[in-house]
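Input: a single structure, listed below in C-alpha cells.
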Amino acid sequence: MTEEASSEATLSNLLREERTFPPSAAFAEAANVKADAYERAADDRIGFWEDAAKRLAWSEPWHTALEWNAPFAKWFVGGKLNVAYNCVDRHVEAGNGDRVAIHWEGEPGDTRTITYRDLQKDVSKAANALHELGVRTGDRVMIYLPMIPEAAVAMLACARLGAAHSVVFGGFSADSLRNRIDDAQAKVVITADGGYRRGKPSALKPAADEAIAGTGVEKVLVVRRTGEDVAMTEGRDVWWHDVVDRQPDTHEYSTFDAENPLFILYTSGTTAKPKGILHTSGGYLTQASYTHHAVFDLKPETDIYWCAADIGWVTGHSYIVYGPLSNGVTQVMYEGTPDTPHQGRFWEIIQKYKVTILYTAPTTIRTFMKWGADIPAKFDLSSLRLLGSVGEPINPEAWIWYRHHIGGDNAPIVDTWWQTETGAIMVSPLPGVTATKPGSAQKALPGISVDVVDESGKPVPNGGGGYLVLTEPWPSMLRTIWGDDERFKDTYWSRYSDQGYYFAGDGAKKDDDGDLWLLGRVDDVMNVSGHRISTTEVESALVSHPSVAEAAVVGATDPTTGQGIVAFVILRGDAEQGGDPASELRAHVSREIGPIAKPRQILVVPELPKTRSGKIMRRLLRDVAEKRDLGDVTTLADPTVMNLISDGLSSGKQD
Ligand code: WTA
C-alpha cells in the first residue's frame, strides 16, 4: 500500500471505529493533575480557582474571589500582585536564577541563552527605560516586534510598571497598526528595524513609521535586529541599545490591583473594526499559569517546552510569556519559518534542545504532512513526551500523523480549545487522565463550565450539535472590549442573555460520551492557518480599492490552511480593463491588512447573489468557492445571478 492509500485507510477506520488513547501508566502516575481535580472543582468551583491563584505570589490577599455583575467580572478583588515579579524575580529568589528561561534560536542560526537572572536584569532595565520615556501605570504601549527575546522582555517590562501592552503581530500592515494605536491611544511604540523571515531580513520600521505618523505616539523604542538602515525621527525615535543598555539592572517594582489592565489584544470580529480584547492581571495570570501546569503537565526542573506560535497572537501571550514563565520553565523560542533553511528546521531544533513538549497548530502539522514523514524521520525526536494543538479543529488524520510521526506513538496529544477572549485554555484533555480521541477537544477543564446549546439555549443531548457556550465566569475571561462595553455585551452576551451564557461563536457537537467536537466558526469570521480574519474586514479592504464596486468574501475549506479566503468582486464600470485585477487586488489587501489576509482566490463576477432584503447569500458563494452543487436558490431576489456568476467564471475571468 502506498503511504497515501494507507493514511486514507486509517482515516476511514477512524470514522468507523472509536479508538481512544489512554495515557501510559507511568505518565498518569507522574502527572501534575489527576482526576480528583474535576471533583474538587465541581464541589467548589470558586474555591478551586482560589487554590490556583495561591500558586502565585500576592503582596496582598484578595477579600472576594469573584464579583459577578454579569457580564462584568472582577476576580480576586482587593488582591495585589506584580505580574512580572511572578514571571521572573520570584524564580531567582527561589534559587533558580541560573535556570535557562529562554533558548532563543534566530532564523539565520544565531542563538541566545537567557537565564532567569538575565531575564530579571533585562526586564528591570527595560522597565527603567520605559519609565524614562514617560510610561506610567495605566498607559498603553504598542509592541510591534519580530520573534526576538526583546518582545517578551518588553511585555514583562510593561507589566512590571503596571502599563498595558498591546502587541501587534509583525505581519500586520501599517494601517492595521495605526488603527490599533489610535484605538488604544498608545503613548509609546516598541519596534525593530526588522526580523528574519525565509532567509532574508524583513523590515518593520518603515511600516511602524507610516503607522505612527499623525497619531499621539510620543516615543518609539527601536531594537536593532537586522542592522539594515532605518530612518530615525529626531526627538521621537531612540535605539533600544542606547536607552535600555545604560539603565540600572535593578528596578523597584510596585504591586497592582488584581484588576489592573495587563494587555489589550486586537482580534477580528464580524465587523471591519477589530476588537480590543482587554485582559487584567490576577485572574488572567492565575488561569494562564494553572492551565499551563495542568494541560502541559509541565515539570520546570526537567522539561524543555516549545510553543511555536508568534508572540503577536494570544497563544504567544499565554503560552510563551505568562503561563510558562510564571511556572519557571525552560523554553525554546524560534524567530523564523519552519522551512528555513530546510523543511526539517523544527525537528532539528527539537533534537538540538531535547524539547519535551511541543505546542503548535493543525495548519502547521498539515504542512509537515504534505512535506512528508521522511523529513522528521531523519531527526531524533525521542525527547518529546507531550504534544499540543491549538487554533482550529484538528482533523483525525493530522492528529494520527502527529501522534505517530512526531510523538512516536507514545506522547499524549492535548487538543486545546480557547480564544483570545477566554485568555487561557478552556476545553482540553488532561494528559494524565483523559483517554484522548483523535479530533476531539473533549472536556471542559476543571473549574470551567461549557455546554452545547440549540438556538433557544437548551442544552443538546449527547449525539447532538449546536453552539458552544460558557455557562459560568472564569478567571482569565476578557473584561470588556477596550472602550466599548456595548459591543462587548452585544457580541458575547446578548445571544443567550436569558441564560447569562457567553456565546463563543463556535459550532460544536457532543458525541455519545458527551465529549466535545469543535466544528468551526458560526459567524462571519474565517480561520486561516489558525488566524482569525473577518470576512467584513477583507471586504472593506477590497472596496477601498478604486476599481472595486462591491465585494463578498467567504472562507472555503482548504486542505492546508483550514480555510482559504475566496473573494468575489464586482469591478466598477469605469475600472480600467486589462491588466491583472486579481493580483493587484490581492496585493492591495495585503497592504491594507497584512499578508495573512491576502485572498487565496479572487473571482471577478458580474453580480452577487442577494436575498430580497439585500443580504449577500454567502452560503451560495461558499458552494461556488468549494466547487459544490448549488444549494437552495429560491430565496434569491434574482435567481438567474448564479448562472451569470458561473458563466462569468467559466469564461475565464478568474484568478
Ligand atoms: C478556533 C486562539 C477547534 C475557534 C487560541 C475559536 C479551535 C478561535 C481550537 C479562537 C481547537 C481555537 N479546536 N477550534 N482546539 N482552538 N479554535 O482568538 O474557532 O485566535 O473560536 O485564539 O479559534 O481564535 P483565537
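The values are calculated or read from the model by the stated rules, or taken from the named source; none is laboratory data. Note that the structure is predicted; figures quoted are calculated from it, not measured. Cβ atoms come from the backbone with ideal geometry, glycine included; neighbour counts cover every protein chain shown.
Miscellaneous remarks
- Set 135, 92: member being in a loop (DSSP other than H, G, I, E, B) and of a type in the set (A, V, I, L, M): 135
- Residues that are among the acidic types (Asp, Glu) and in contact with a helix residue (DSSP H, G or I) (Cβ under 6 Å, 6 or more places away or on another chain), drawn from segment 204-218: 210
- Residue check, residue 608 more than 16 Å from the ligand (Cβ to nearest atom), in contact (Cβ under 8 Å) with a residue 40 or more places away in the chain and not acidic (Asp, Glu): yes
- Verdict on residue 475 being over 24 Å from residue 362 (Cα atoms) and either assigned to a loop (DSSP other than H, G, I, E, B) or more than 12 Å from the ligand (Cβ to nearest atom) (or both): yes
- Any hit, segment 391-408, residues being within 16 Å of the ligand (Cβ to nearest atom), without any contact (Cβ under 8 Å) to a residue 40 or more places away in the chain and among the small types (Gly, Ala, Ser): yes
- Test: residue 111 is free of Cβ contacts under 8 Å to residues at least 24 places away in the same chain and either surrounded by fewer than 22 Cβ atoms within 10 Å (Cβ to Cβ) or among the aromatic types (Phe, Trp, Tyr) (or both): yes
- Candidates in segment 88-133 are the residues that are of a type in the set (Asp, Glu) and within 25 Å of the chain's Cα centre (by Cα); of these, the one that is nearest to residue 353 (Cα to Cα) is 105.
- Residue in segment 327-345 that is within 16 Å of the ligand (Cβ to nearest atom) and either farther than 30 Å from residue 479 by Cα or within 18 Å of the chain's Cα centre (by Cα) (or both) present: no
- Scanning segment 425-443 for residues that are crowded, with 24+ Cβ neighbours inside 10 Å, away from the ligand (no atom under 13 Å from the Cβ) and farther than 16 Å from residue 409 by Cα returns a single hit, 430.
- Summed over segment 180-193, residues that are part of a helix (DSSP H, G or I) and surrounded by fewer than 15 Cβ atoms within 10 Å (Cβ to Cβ) total 1.
- Here residue 448 fulfils each of the conditions (1) away from the ligand (no atom under 13 Å from the Cβ); (2) aliphatic (A, V, I, L, M); (3) closer than 25 Å to residue 18 by Cα apart from (3).
- Condition check for residue 146: in the same structural domain as residue 313 (by TED's automatic domain parsing), assigned to a loop (DSSP other than H, G, I, E, B) and either modelled with pLDDT under 95 or closer than 25 Å to residue 586 by Cβ (or both): yes
- Filter pass, residue 320 being over 18 Å from the mean Cα position of the chain (by Cα) and assigned to a helix (DSSP H, G or I): no
- Residue selected from segment 326-349 under the condition among the aliphatic types (A, V, I, L, M) and under 24 Å from residue 171 (Cβ atoms), by the criterion surrounded by the fewest Cβ atoms within 10 Å (Cβ to Cβ): 349
- Restricting attention to segment 369-413, the residues being assigned to a helix (DSSP H, G or I) and not basic (Lys, Arg) number 16.
Conditions (1) away from the ligand (no atom under 16 Å from the Cβ); (2) in contact with a strand residue (DSSP E or B) (Cβ under 8 Å, 6 or more places away or on another chain), marked per residue:
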residue: 234; (1), (2): yes, no
residue: 237; (1), (2): yes, yes
residue: 255; (1), (2): yes, yes
residue: 261; (1), (2): yes, yes
residue: 274; (1), (2): no, yes
residue: 277; (1), (2): no, yes
residue: 280; (1), (2): yes, yes
residue: 288; (1), (2): no, no
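- Checked against the criterion of being in a loop (DSSP other than H, G, I, E, B) and surrounded by 14 or more Cβ atoms within 10 Å (Cβ to Cβ), the candidates 624, 633 yield just one match: 633.
The rows are residues; the columns are (1) in a strand (DSSP E or B); (2) of a type in the set (A, V, I, L, M, F, W, C).
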site: 491; (1), (2): no, no
site: 495; (1), (2): no, no
site: 498; (1), (2): no, no
site: 504; (1), (2): yes, yes
site: 507; (1), (2): yes, no
site: 514; (1), (2): no, no
site: 519; (1), (2): yes, yes
site: 536; (1), (2): no, no
site: 539; (1), (2): no, no
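- Of all residues in segment 232-286, those satisfying the criterion of being among the polar types (S, T, N, Q) and crowded, with 20+ Cβ neighbours inside 10 Å are 260, 267, 268, 280, 281, 286.
- Residues in segment 412-424 that are more than 8 Å from the ligand (Cβ to nearest atom) and within 12 Å of residue 389 (Cβ to Cβ) were compared, and the one that is farthest from the chain's Cα centre (by Cα) is 412.
- Within segment 194-223, being surrounded by 22 or more Cβ atoms within 10 Å (Cβ to Cβ) and farther than 26 Å from residue 261 by Cα holds for 194, 195, 196, 204, 205, 207.
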